[in-house]
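S.K.: One structure coming up, written as structure tokens, with questions to follow.
Bear in mind that the values in this text are calculations on the coordinates, not laboratory data. As the structure is a prediction and not an experimental result, all values here were calculated from the model. A quick note on method: Cβ atoms are made from the backbone with ideal geometry, for glycine too, and the neighbour counts reach across all protein chains shown.
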Amino acid sequence: MHARIFILISVILLTALTGCERASQMVQPDATTAPTETTLKIGVIQPKYSYTTFSQGAETARVQINENGGVLGMRVEFISRNNQLIENELPTPEASIGAAKELIEMENVFALLGPVRSTMSIEVGPIAQQAQRLMLPGSSGSNVPAVGDYVFLITVPNPFQGKVMASFAMNPNELGAKTAATIYEEDDDYSIDLVQAFEAAFQEIGGEIVHSGAYSAGNTILTDLLTEIHDATPDVIFCPGHQPEVPLLINEARQIGIKATFLGGSAWDDRERFLSVLDNISVLDGSYYPTNFSVATQDVDVQEFVKGYTALFESPPDGVAASGYDAMRLLARAIETAGSLDPMAVRDAFAKVSDYKGATTISHYDANRHPVKSLAIQVIRGGQVEHYKVVEP
């Protein structure tokens with residue numbers, strides 16, 4: 001009899017405890033859908049020694065957003081990780097992957113801003129995609145978003161950059177070029193992708209590629225390559241790589257007598273560092289490159305960015321900063337549109353962005369998650385970067 005009573009009491013207690021446990025599970029808020037926190041944590045992957053204006057642009061947006069009440073009432077907090085451990089060396093895949101995993105798995109950030117370079121963005125993309133974290137890099141490689149639907153480009157994609165610069169080179173009212181040489185950085189997805197886009201567009205409209213060559217990162221003496229290009233006598237040289245190699249390459253080209261006009265890509269808009277590589281920067285005069293953004297644009301939204309950035313960092317922003325700014329502003333807009341922190345809802349809201357105005361203007365996103373937006377061409381004159389023209393998509 002006592003044994004039966006004990007068993008009955010045990011069953012009742014077990015049922016009650018199980019019911020309590022289920023009730024407890026039911027009333028727990030879902031952190032992915034309901035903004036129960038007062039802080040929205042965003043991860044930033046930023047190389048310490050290059051393209052640092054990306055995170056500064058994002059910080060400008062963060063400050064402005066918080067001053068206006070945050071996102072769904074939450075203050076935005078940045079948690080940053082460095083993926084460039086040694087000053088004169090490139091960011092590494094290991095550091096980039098480690099940064100992403102730490103930000104997602106340990107810090108539980110809602111989204112990632114960065115990385116900057118396409119090669120590193122391709123490494124980090126699968127991690128963000130698997131974890132269902134939006135990743136908004138500062139890179140322009142056309143294949144960066146190919147990993148999945150949580151990765152969106154912010155800057156002007158390479159296919160449009162290449163097409164614009166090829167048309168600009170051949171336009172009889174601009175450079176009137178008929179022949180071109182191209183130079184890319186080995187193992188760098190950005191410059192390889194952009195050179196391919198330029199070459200395809202240049203040839204499609206009747207131009208001739210008379211030489212194509214490569215250099216390795218860190219190689220600053222390129223006499224053999226430049227001698228071959230000198231002998232090919234191109235009208236223009238498209239070299240969309242990074243600093244310090246590109247300014248040094250242009251300097252050596254002038255020393256051996258190459259007179260062709262140099263054209264670059266958006267990577268040249270790491271402006272302060274790019275222009276500080278050489279003591280005599282007059283050799284860069286007459287070179288052109290495309291960028292997301294022109295400080296000369298007299299749009300109210302652009303000037304709000306310029307004013308906010310300059311107040312924080314005491315220097316005017318560049319195209320890299322514009323990408324960081326727009327990444328954070330677009331993310332905030334998508335969350336507000338979704339009305340929650342549900343990853344899929346925010347992703348879908350981001351995909352439907354249209355008529356965005358910030359540091360740059362984005363008409364919409366295409367099926368590849370590339371932004372459809374205008375491109376500004378800049379020219380270097382007197383050792384300074386000047387706005388030249390805007391090309392619409």
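S.K.: Relative to the first principal axis of the alpha-carbon coordinates of the chain, what is the inclination of helix 158-170, with its axis defined by its Cα atoms, in degrees from 0 to 90 and to the nearest 10?
M.R.: It works out to around 20 degrees.
S.K.: For segment 292-376, report the % of Cα-Cα distances exceeding 15 Å.
M.R.: When all Cα pairs of segment 292-376 are counted, 59 percent exceed 15 Å.
S.K.: Note the angle between two axes, namely the Cα long axis of helix 53-67 and the longest principal axis of the Cα atoms of the chain, as a number of degrees from 0 to 90, rounded to the nearest 10.
M.R.: So the inclination is approximately 40 degrees.
S.K.: Could you calculate the contour length gain from Glu186 to Lys41, that is, 0.36 nm times the residue separation minus the distance between their Cα atoms, to one decimal place in nm?
M.R.: 48.6 nm
S.K.: Among Ala296, His242, Tyr190, flag the residue with its Cα farthest along the positive direction of the charge dipole of the chain, charges on Cβ as +1 for Lys/Arg and -1 for Asp/Glu.
M.R.: Positive-most Cα among the choices belongs to Ala296.
S.K.: Can you tell me the alpha carbon radius of gyration of segment 134-205 divided by the globular rule-of-thumb value 2.2 N^0.38 Å?
M.R.: Normalised Cα radius of gyration, segment 134-205: 1.24.
S.K.: I'd like the FRET efficiency for Lys178 and Lys48, computed as 1/(1 + (r/R0)^6) with the beta carbon distance as r and R0 of 41 Å, rounded to 0.05.
M.R.: Once the sixth-power term is evaluated, E becomes 0.45.
S.K.: Per the Kirkwood formula on distinct C-alpha pairs, the Rh of segment 121-176 is how many angstrom?
M.R.: 12.6
S.K.: Additional query: What distance in nm separates the two pseudo spin-label positions at Lys307 and Glu204, each 7 Å out from Cα along the beta-carbon direction?
M.R.: Going from the Lys307 label point to the Glu204 one covers 4.1 nm.
S.K.: Also, I was wondering about something else. If the chain between Val63 and Asn280 were fully stretched, how many nm would it gain, using 0.36 nm times the residue separation less the Cα-Cα distance?
M.R.: Gain on stretching Val63 to Asn280: 74.4 nm.
S.K.: Rounded to the nearest 500 deg cm²/dmol, what is the calculated helix-only ellipticity per residue at 222 nm for the chain, with -39500 (n - 2.57) per DSSP H run of length n ≥ 4?
M.R.: That calculation yields -13000 deg cm²/dmol at 222 nm.
S.K.: May I ask you to work out the translational diffusion coefficient for segment 149-288 at 37 °C, viscosity 0.692 mPa s, via Stokes-Einstein with Rh from the Kirkwood sum over Cα pairs, reported in whole µm²/s?
M.R.: Numbers: Rh = 15.1 Å.
Answer from the Stokes-Einstein relation: 217 µm²/s.
S.K.: Could you please state, rounded to a whole Å, how far the C-alpha centre of segment 187-221 is from the C-alpha centre of segment 347-393?
M.R.: 22
S.K.: Show me the trypsin sites (Lys or Arg not before Pro) within segment 257-300 that DSSP assigns to loop and that have at most 12 other Cβ atoms within 10 Å of their Cβ.
M.R.: Within segment 257-300, the qualifying trypsin sites (Lys or Arg not before Pro) (loop, at most 12 other Cβ atoms within 10 Å) are Lys259.
S.K.: Still on this structure: Evaluate the charge dipole of segment 158-291 about its Cα centre and quote only its size in Debye, nearest 20, assuming +1 on the Cβ of each Lys and Arg and -1 on the Cβ of each Asp and Glu.
M.R.: Charge dipole, segment 158-291, about its Cα centre: 460 debye, nearest 20.
S.K.: How far is helix 319-338 tilted, in degrees, relative to the longest principal axis of the Cα atoms in the chain, given as a value from 0 to 90 rounded to the nearest 10?
M.R.: For 319-338 against the chain, the angle is about 30 degrees.
S.K.: Can you bin segment 62-173 into rounded, prolate or oblate? Criterion: square roots of the alpha carbon gyration tensor eigenvalues sorted a ≥ b ≥ c, rounded for a/c under 1.5, prolate for a/b above b/c, oblate for the rest.
M.R.: Working: a/c = 1.98, a/b = 1.46, b/c = 1.36.
Prolate is the answer for segment 62-173, as a/c is 1.5 or above and a/b outweighs b/c.
S.K.: Sticking with this one: Hey, with R₀ at 35 Å, roughly what FRET efficiency would Glu102 and Asp299 work out to, going by the Cβ-Cβ distance, to 0.05?
M.R.: 0.40
S.K.: Right, next: Quick one: which residues, 5 or more positions from Val71 or on another chain, have an amide H under 5 Å from its amide H? H modelled 1.01 Å from N in the peptide plane, none for Pro or chain starts.
M.R.: HN-HN under 5 Å from Val71: Val76.
S.K.: Between Asn88 and Asn143, how many nm apart are label points set 7 Å from Cα along the C-beta direction?
M.R.: Distance between the two pseudo-spin positions: 3.2 nm.
S.K.: Looking at the chain as a GNM with Cα springs under 10 Å, which of Ala169, Ala100, Ala214 has the largest mean-square fluctuation?
M.R.: In the Gaussian network model the winner is Ala214.
S.K.: Taking R0 as 45 Å, what FRET efficiency do you get between Ala367 and Thr220 from their Cβ-Cβ distance, rounded to the nearest 0.05?
M.R.: 0.65
S.K.: Follow-up question, since we're still on this one. Amide H neighbours of Tyr184 under 5 Å, counting only residues 5+ apart in sequence or on other chains, H built in-plane at 1.01 Å?
M.R.: Gly213, Ala214, Tyr215
S.K.: Which percent, nearest 5, of DSSP beta bridges in the chain are antiparallel? Kindly include the intermediate steps, with their values, before the conclusion.
M.R.: Details: 18 of 46 bridges.
For the chain, the DSSP antiparallel bridge percentage is about 40.
S.K.: Here is a follow-up. Taking only the Cα atoms of the chain, how large is their convex hull per residue, in Å³? Mind dumping the intermediate values first?
M.R.: Working: hull volume 59.9 nm³, N = 393.
Convex hull of Cα atoms, per residue: 152 Å³.
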